[in-house]
Amino acid sequence: MKEYPEYFVEVPEAFAIVEDSVYRCSGVLTQNQIKYLDTLNLKTVVILSVEGPSRLFAQYVRRRGIQKLHLGMTRWQSNLGWKPVSEELIKEALQSVLDKKTHPLLIVCSSGVRETGTLVGCLRKLQHWNFNSIVYEYRSFAGGKGKYAQELFIELFDTDLVTLPSDLPDWFVHGQQMWEDEQRQRFELMQAEAQECTEPSNLLAG
């Protein structure tokens with residue numbers, strides 16, 4: 001095994017900033033990768049895989065007083081058919097991610113790709129991302145580990161299942177406002193175009 005100096009800090013595998021104060025990475029962490037997590041000042045860790053965290057990671061979470069939400073275990077369901085995860089798992093995880101009181105928050109699963117990628121994809125759907133953009137982000141992390149069933153799950157996920165917390169993060173509120181403004185402008189443009197189409201016929205009728 002390659003040895004690093006004691007002061008060496010390493011970025012975890014599959015690490016990324018999802019949104020402000022929301023991060024993702026693989027749940028399999030080395031000591032030097034855990035040192036990197038110290039820079040994030042985490043308040044909450046959401047574990048999506050059934051497997052528990054490594055002893056090293058569990059000790060770190062306990063020592064730092066970080067809230068651990070092991071939803072992969074508490075919301076595990078058998079007989080899901082083609083579905084890679086349950087709606088209940090994704091629903092509850094999204095409600096945690098969207099609760100500003102849990103931030104800064106880290107999302108992990110054993111690979112850092114499958115369950116985490118599915119959750120982030122469903123978050124993007126809540127944010128009204130174009131589905132092609134959602135799939136592109138998912139595949140950019142998944143590489144050869146990606147599964148079509150997870151992309152299909154994201155596409156079919158019913159965002160109405162999610163109960164939005166009262167204390168939403170600013171990035172989500174701002175994004176929703178921008179989307180609503182775009183929808184209103186689009187509707188007003190369609191109304192104006194429809195009115196223009198009817199005006200000539202009204203003149204002819206007169």
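Some points to look at:
- Restricting the first member to region 137-156 and to residues that are of a type in the set (S, T, N, Q), and the second to residues that are part of a helix (DSSP H, G or I) and at pLDDT below 95, the beta-carbon pairs closer than 7 Å and six or more apart or on different chains are Gln150/Arg114.
- You will find that of Val46, Val50, the residue that is in contact with a helix residue (DSSP H, G or I) (Cβ under 8 Å, 6 or more places away or on another chain), surrounded by 20 or more Cβ atoms within 10 Å (Cβ to Cβ) and assigned by TED's automatic domain parsing to the domain that holds Asp158 is Val46 and no other.
- When the residues of region 44-92 are filtered to those that are in contact (Cβ under 8 Å) with a residue 60 or more places away in the chain and assigned to a loop (DSSP other than H, G, I, E, B), the one that is farthest from Gln33 (Cα to Cα) is Trp82.
- Residue count for region 93-113, restricted to those that are within 11 Å of Gly72 (Cβ to Cβ) and part of a helix (DSSP H, G or I): 1
- Screening region 123-206 for helices (runs of 4 or more DSSP H) wholly inside it with 3 or more residues that are loosely packed, with under 10 Cβ neighbours inside 10 Å and out of contact with any helix residue (DSSP H, G or I) (no Cβ under 9 Å at 6 or more places or on another chain) returns the ranges 170-205.
- So Arg64, is it among the charged types (D, E, K, R) and surrounded by 19 or more Cβ atoms within 10 Å (Cβ to Cβ): no
- Residue match in region 16-27 (condition: out of contact with any Leu (no Cβ under 7 Å at 6 or more places or on another chain) and free of Cβ contacts under 8 Å to residues at least 24 places away in the same chain): yes
- Residues in region 21-40 that are closer than 16 Å to Val11 by Cβ, out of contact with any helix residue (DSSP H, G or I) (no Cβ under 6 Å at 6 or more places or on another chain) and part of a loop (DSSP other than H, G, I, E, B): Gly27, Val28, Thr30.
- When region 94-122 is limited to residues that are small (Gly, Ala, Ser) and within 25 Å of Thr30 (Cβ to Cβ), the one that is surrounded by the fewest Cβ atoms within 10 Å (Cβ to Cβ) turns out to be Ser111.
- The set of residues in region 17-29 being more than 14 Å from Val108 (Cβ to Cβ) and surrounded by 16 or more Cβ atoms within 10 Å (Cβ to Cβ) consists of Glu19, Ser21.
The values are calculated or read from the model by the stated rules, or taken from the named source; none is laboratory data. These numbers were taken from a predicted model, which means no experiment stands behind them. So basically every Cβ, Gly included, is an ideal-geometry build from the backbone, and we count neighbours across all protein chains shown.
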